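Chemist: Could you have a look at this structure, given as structure tokens, before my questions?
The values are calculated or read from the model by the stated rules, or taken from the named source; none is laboratory data. Just so we're clear, the structure is a prediction, and the values are computed from it rather than from any experiment. Cβ placement follows ideal geometry from the backbone for every residue including glycine, while neighbour counts extend to all protein chains displayed.
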Amino acid sequence: MKSNVDNAKPTVADFTSDQEVRWCPGCGDYSILKAVRKTMAEAGVLRENTVVISGIGCAARFPYYVDCYGFHTIHGRAPTIATGALLANPDLDVWIATGDGDALSIGGNHMMHILRRNVNCNIVLFNNAIYGLTKGQYSPTSRQNTISPSSPVGSLDSPLNATHLALGSGARFVARAVDNQQVQLASILKAAHEHKGASFVEVFQNCHVFNDHVFADFTARDKVADNQIQIENGEKLLYGSEKEKGLRLDPDTLELVACAAGEGVLRHNSTSRTLAMTLADMDAGRPVATGVLYNNPAPVYQNAVHEQIAMAKRRRKTRTIQDVMNEGYTWKV
Amino acid sequence: MDNPNLAIADSNRQERETIVVRFAGDSGDGIQIIGGQLGLASALEGNDLATFPDYPSEVRAPTGSTFGVWAYQLHFGGRPIKTVGVEPDMLVALHPAALKTNLPLLRKGGIVLVDIGSFTKRNLKKAGYESSPLEDENLKDYQVFSPDMSKLTLESVAAIDLSKKDSLRSKNFWALGMVFWMFDRSLVNTCDWLRAKFIKTPLLADGNIAALKAGHAFGETIEASGDMAGYVVPSIVMESGVYRSVTGSETIAWGLAAAAELAERQLVFASYPITPSTPVLHHLAKLKDLGVVTFQAEDEIAAMGAAIGAAWAGAFGATASSGPGIALKQEAIALAVSAELPVVVVNTQRAGPSTGLPTKTEQSDLYQAVFGRHGDAPIPVLAARSPQDCFDCAIDAARIALTYMTPVILLTDGFIANASGPWQVPDMDALPKIDVRNHIETEGFHPMQRNPETLARVWPVPGTPGLEHRIGGIEKDFETGHISYDPKNHQKMTDIRSKKIDVISQLLAPLEVDLGEEGADVAVVTWGSTYGPASRAVTEMQANGHSVAHVHLRYLYPFAPNQHELMSTFKRILVPEMNTGQLITLMRNQLCPPVTGLSKITGRPFLIREIRAAILTELEAVK
Ligand code: SF4
């Protein structure tokens, strides 16, 4: 954000609060915190213009650990508080830290609407597919048959695809990252921060206490190469340890299918929502796509709101509430 | 109508102190428009008045059906008018269904004006009449005028180049013309209004004016024939000033915008559509040039969240809803209690529970406002008594919220929101500023710092260098503002939140007796829109020599500082409420003389005589 750049470049330490971090040691949240602080420092933003808003859950403790303005609100409602704050001050640089229960279950409605309105903010979804703070119940992103205290013989609900939800809601920036892939995570957060409008970043985050290794099939060191495809705008959709595999479009099914690197591999175009949807669809048998899936900016909501106000002011320069009350039919006694 | 036949005026017109007229017809009949015009004409004749639209919940019911009848009632007269009147003196029914549904309200002996042209077989059947009520005993107790208004309207506009449909649409003004004759109102202003309204389609103005004049002339022929001479209504001396007609929704909206101006803060008003609260959003959405931000949120919770977020970022945050919506907002209101942020929450109450009777009025959300949150989460609760009072109450609510950094609930109701009456336009320069500053001092800052006298938390606004801080719904340490799970600190913070209410109570305007004297045998104590009928009932009882007083409460939580003292002077207290006795419960928390409730939950306001009867019973009990 332009208005929010400090000349003397701040450091990660400047965004580190005096509060002791209270996540379980080894939690994936630590690396997200590190990447966010790094993004703030590298973007050179002003601490006083930077805001972190959260709801409830493990992820929602995030604001306490960043030395800027922070509001730890109520379950699922961070997008509403953020929208209000941005209506009051459209220039604030707002981050929303949220979890899968917070963003997709109790706060699902608000998530949908902050995305479609395109309120300028950065939404980081800590997706660990479990309720951590309440000790391990299955969440809206848990895979079917998840064994948990509230589903002792396995959960029945089919999981929600967070990226699909974001794209379906009309989000203009949608990305996926993995907590322990620091370099990629930082670059995605940087792009999210640079994007004007609602940026949605789903981070696959390991909760080793209640849902350890749930994403290991595509995030474990020996699985990344073959089961994850890290995409870049304009680059070919290649994966495998030697980038020997690729994805091409099957013209009959309109699905992405695996192929050899030479066989008409598709290039990623991050302005195509159709491609982003298809990339987000991949699971068993095809690599899980991470990176910036969709980046196609549109006008920013809070700016448009204030533009309408500015326009109304230009049209009727001097009207006051006194004038409003005196307008229309009045009579003197 | 009190004192019928008060005096015979110069002409043969009879003088009446007040008159109640009720218009009824289909939603497309322009009932509200002619009602409004009669209101304006009456105000210009020097009457005080009150009006109320009575409409069904169906948006567009089939024409001519009984469940689709719209009505508009107007009470005007030569004394302060505090209710929309009990029994109409005149009913204007534009079709059979309108007659069928509204006739039972009419005073025996009252005047009925119907359009015989609309009494077709089909319309009679839709209204559920076996045969025409004009031809049987149905109307024998009334004075009936049944011209063929449709035909007469067509004739009156024949010279004007209008389609038949447009010509017929002037029928409401024909009826209004007749009513103007009946109560001796001038046509001039309505003609001007029509010309201004149809400035781009002058033929429509001409048509309506012609119909208006024809209706008036019809009245004159009745007079000439000696059947009836109509009425005159004396004028009343109103305080001098500029007046206009307002509804409670307008005054809430303008009050919030005025408060923002007095506080020199941007108003961020977030709300979700709900009957009967929505018009507040409509009115504020028209004030963008004043810098008002309106936000139609995805739901009630989001509206509350946005108001809180805006307050946190330094704006004046406000929201409005009705009972079911307020229930959804309560979790977030408690966050505003915990984070000590100023927001005004308007509840336009309606008949509940659940969807209840969404277009009907009730005052049954007082418990919800005072007690309806989780945890110990006390907040101030105010109630407005009339459309005119909403403006002052909105500013008052904002002043309390901003001065003490607390959410405030302001209660109105469906009746107040939709009713209208003449309002003396306030002078903004005469209103005291709301002087609340953002905190900027970095020295020794922490987010839970507070003013030792008002106990108000500081207001450190994002964007201010050096005041970066974190707050939220977790308990905060009194000394540092950091999150704290310390038991003693939680006790202390809970005590502070409760003490803040005590501080506010001490600084509220003292309660005064509205009518009558301290120490009266019976005091009628009211809140909200029950003010009107109670005030009138007490006036009437006083005129009969009874020792009765009226005390009206704006502050419901906390009570005004002297309330207990004042209440203790009366022998008995009567509390009429459109609920099962919610204010009484609050009053009983303070020791006070015997309190009797009078409860009415029909979706309709109290009748004056119902309150009078209850006062009589209380007076008996004193003896
Ligand atoms: S419970 Fe899981 S998500 Fe929560 S802090 Fe511990 S490891 Fe992290």
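Chemist: Mind checking which residues of region A:205-216 are of a type outside the set (Val, Ile, Thr), within 12 Å of the ligand (Cβ to nearest atom) and more than 13 Å from the chain's Cα centre (by Cα)?
Modeler: A:Asn206, A:Cys207, A:His208, A:Phe210, A:Asn211, A:Asp212
Chemist: Sticking with this one: Of the conditions (1) over 15 Å from the mean Cα position of the chain (by Cα); (2) part of a loop (DSSP other than H, G, I, E, B); (3) more than 15 Å from the ligand (Cβ to nearest atom); (4) free of Cβ contacts under 8 Å to residues at least 40 places away in the same chain, A:Gly76 fails just one. Which one is it?
Modeler: Single failed check for A:Gly76: (1).
Chemist: Just need a number here: residues in region B:370-396 that are touching a residue at least 60 places away in the same chain (Cβ under 8 Å) and closer than 30 Å to B:His490 by Cβ.
Modeler: 8
Chemist: Would you point out the residue of region A:45-73, among those that are at the interface with another protein chain (Cβ under 7 Å from one of its Cβ atoms) and among the charged types (D, E, K, R), that is farthest from the ligand (Cβ to nearest atom)? Talk me through it step by step, then tell me what you get.
Modeler: If we filter region A:45-73 for residues that are at the interface with another protein chain (Cβ under 7 Å from one of its Cβ atoms), which is where we start, we get A:47-49, A:51, A:63-64, A:67-73.
Pick out the ones that are also among the charged types (D, E, K, R) and you get A:47-48, A:67.
Numbers: A:Arg47: 25, A:Glu48: 29, A:Asp67: 21 Å.
If we take residues in region A:45-73 being at the interface with another protein chain (Cβ under 7 Å from one of its Cβ atoms) and among the charged types (D, E, K, R), then A:Glu48 is farthest from the ligand (Cβ to nearest atom).
Chemist: Still on this structure, please answer the following. Considering region B:511-526 alone, what residues qualify as being within 13 Å of B:Arg572 (Cβ to Cβ) and not in a strand (DSSP E or B)?
Modeler: Taking region B:511-526 and keeping what is within 13 Å of B:Arg572 (Cβ to Cβ), we get B:519-525.
B:Gly519, B:Ala520, B:Asp521, listed by residue number.
Chemist: In this structure, does B:Gly255 turn out to be within 14 Å of chain A (Cβ to nearest Cβ) and closer than 30 Å to B:Ala310 by Cα?
Modeler: Considered against the rule, which asks whether it is within 14 Å of chain A (Cβ to nearest Cβ) and closer than 30 Å to B:Ala310 by Cα, B:Gly255 comes out as yes.
Chemist: Just one of the numbered conditions (1) at pLDDT 95 or above; (2) touching a Cys at 6+ places or on another chain (Cβ under 6 Å); (3) within 16 Å of the ligand (Cβ to nearest atom) is not true of A:Ala82; which one?
Modeler: So the condition that A:Ala82 fails would be (3).
Chemist: Output the residues belonging to region A:290-333 that are in contact with a His (Cβ under 9 Å, 6 or more places away or on another chain) and part of a strand (DSSP E or B).
Modeler: Result: A:Gly291, A:Val292, A:Leu293, A:Asn295.
Chemist: Just one of (1) surrounded by fewer than 23 Cβ atoms within 10 Å (Cβ to Cβ); (2) in contact with a Leu (Cβ under 9 Å, 6 or more places away or on another chain); (3) assigned to a loop (DSSP other than H, G, I, E, B) trips up B:Gln363, so point out which.
Modeler: Unmet for B:Gln363, out of (1) surrounded by fewer than 23 Cβ atoms within 10 Å (Cβ to Cβ); (2) in contact with a Leu (Cβ under 9 Å, 6 or more places away or on another chain); (3) assigned to a loop (DSSP other than H, G, I, E, B): (1).
Chemist: Just to be sure before I move on: is A:Arg273 basic (Lys, Arg), in contact (Cβ under 8 Å) with a residue 24 or more places away in the chain and more than 30 Å from A:Thr83 (Cα to Cα) in the structure I sent?
Modeler: In short, no.
Chemist: Restricting attention to region A:289-333, and to residues there that are among the basic types (Lys, Arg) and more than 7 Å from chain B (Cβ to nearest Cβ), which single residue is farthest from A:Asn122 (Cα to Cα)?
Modeler: A:Lys317
Chemist: Which condition from (1) within 24 Å of B:Ser498 (Cβ to Cβ); (2) out of contact with any Ser or Thr (no Cβ under 8 Å at 6 or more places or on another chain); (3) surrounded by fewer than 23 Cβ atoms within 10 Å (Cβ to Cβ); (4) among the β-branched types (Val, Ile, Thr) is the one that B:Thr355 breaks?
Modeler: (1)
Chemist: Let me ask something else about it. Among the residues of region A:14-35, which ones are modelled with pLDDT of 95 or more, more than 9 Å from the ligand (Cβ to nearest atom) and more than 20 Å from A:Ile53 (Cβ to Cβ)?
Modeler: Passing the criteria: only A:Ser31.
Chemist: Given B:Gly473, B:Gly421, which one is out of contact with any Lys or Arg (no Cβ under 6 Å at 6 or more places or on another chain), over 30 Å from B:Ala50 (Cα atoms) and either aliphatic (A, V, I, L, M) or within 14 Å of another protein chain (Cβ to nearest Cβ) (or both)?
Modeler: Result: B:Gly473 is the single residue among B:Gly473, B:Gly421 that is out of contact with any Lys or Arg (no Cβ under 6 Å at 6 or more places or on another chain), over 30 Å from B:Ala50 (Cα atoms) and either aliphatic (A, V, I, L, M) or within 14 Å of another protein chain (Cβ to nearest Cβ) (or both).
The rows are residues; the columns are (1) of a type in the set (Phe, Trp, Tyr); (2) crowded, with 24+ Cβ neighbours inside 10 Å; (3) within 20 Å of the chain's Cα centre (by Cα).
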site	(1), (2), (3)
B:Leu511	no, no, no
B:Val522	no, yes, no
B:Val525	no, yes, yes
B:Thr530	no, yes, yes
B:Asn544	no, no, no
B:Val548	no, yes, no
B:His564	no, no, no
B:Arg572	no, no, no
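Chemist: Now, a different point. Hey, can you tell me all the residues within region B:21-38 that are of a type in the set (D, E, K, R) and under 21 Å from the mean Cα position of the chain (by Cα)?
Modeler: B:Arg22 - this is the single residue of region B:21-38 that is of a type in the set (D, E, K, R) and under 21 Å from the mean Cα position of the chain (by Cα).
Matching residues to (1) within 16 Å of the ligand (Cβ to nearest atom); (2) more than 24 Å from A:Arg143 (Cα to Cα); (3) assigned to a helix (DSSP H, G or I); (4) within 19 Å of the chain's Cα centre (by Cα):
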residue: A:Val174; (1), (2), (3), (4): no, no, no, yes
residue: A:Lys196; (1), (2), (3), (4): no, yes, no, yes
residue: A:Val203; (1), (2), (3), (4): yes, no, no, yes
residue: A:Phe218; (1), (2), (3), (4): no, no, yes, no
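Chemist: Could you tell me whether any residue of region B:327-334 is crowded, with 24+ Cβ neighbours inside 10 Å, at the interface with chain A (Cβ under 7 Å from one of its Cβ atoms) and on the phi < 0 side of the Ramachandran plot?
Modeler: Yes, some residue in region B:327-334 is crowded, with 24+ Cβ neighbours inside 10 Å, at the interface with chain A (Cβ under 7 Å from one of its Cβ atoms) and on the phi < 0 side of the Ramachandran plot.
Chemist: As an exercise: evaluate B:Gln296 against (1) more than 23 Å from B:Gly352 (Cβ to Cβ); (2) facing chain A (nearest Cβ under 10 Å) and give the number of the one condition it does not meet.
Modeler: With (1) more than 23 Å from B:Gly352 (Cβ to Cβ); (2) facing chain A (nearest Cβ under 10 Å) applied to B:Gln296, the lone miss is (2).
Chemist: Further, regarding this structure: Pairs, please: C-beta under 7 Å, at least 6 apart or cross-chain, first residue under 18 Å from B:Ala258 (Cα atoms) and in region A:309-321, second outside any helix (DSSP H, G or I) and not acidic (Asp, Glu)?
Modeler: A:Ile309/B:Gly291; A:Ile309/B:Val293
Chemist: Separate question: I'd like the residue in region B:414-459 that is of a type in the set (Gly, Ala, Ser), outside any loop (DSSP other than H, G, I, E, B) and surrounded by 16 or more Cβ atoms within 10 Å (Cβ to Cβ) and, out of all such residues, is nearest to the chain's Cα centre (by Cα).
Modeler: B:Ala417
Chemist: Also, I was wondering about something else. Looking only at region A:104-153, filter to residues that are hydrophobic (A, V, I, L, M, F, W, C) and within 14 Å of chain B (Cβ to nearest Cβ); which one of those is farthest from the ligand (Cβ to nearest atom)? Before you say what the answer is, go through the steps one by one.
Modeler: Of the residues in region A:104-153, the ones hydrophobic (A, V, I, L, M, F, W, C) are A:104, A:106, A:111-112, A:114-115, A:119, A:121, A:123-126, A:129-130, A:133, A:147, A:153.
From what's left, within 14 Å of chain B (Cβ to nearest Cβ): A:106, A:111-112, A:114-115, A:119, A:121, A:133.
Values: A:Ile106: 17, A:Met111: 19, A:Met112: 24, A:Ile114: 23, A:Leu115: 24, A:Val119: 26, A:Cys121: 23, A:Leu133: 6 Å.
Only one residue fits best here, namely A:Val119.
Chemist: Is there any pair linking a residue in region B:224-248 that is away from chain A (no Cβ under 14 Å) to one that is surrounded by 15 or more Cβ atoms within 10 Å (Cβ to Cβ) and in a strand (DSSP E or B), with Cβ under 6 Å and at least six apart or on different chains, and which?
Modeler: B:Tyr231/B:Gln14; B:Val232/B:Glu15; B:Val233/B:Ile19; B:Val233/B:Gly77; B:Gly248/B:Thr412
Chemist: Which of the residues belonging to region B:516-531 are in contact with a helix residue (DSSP H, G or I) (Cβ under 7 Å, 6 or more places away or on another chain) and not hydroxyl-bearing (Ser, Thr, Tyr)?
Modeler: B:Gly516, B:Glu518, B:Asp521, B:Val522, B:Val524, B:Trp527, listed by residue number.
Chemist: Please identify the pairs in which a residue from region A:26-49 that is closer than 11 Å to A:Asn180 by Cβ and in a helix (DSSP H, G or I) has its Cβ atom under 7 Å from the Cβ atom of a residue that is polar (S, T, N, Q) and away from the ligand (no atom under 16 Å from the Cβ), counting only partners at least 6 apart or on another chain.
Modeler: Filtered contacts from region A:26-49: A:Ser31/A:Gln182; A:Ala35/A:Gln182.
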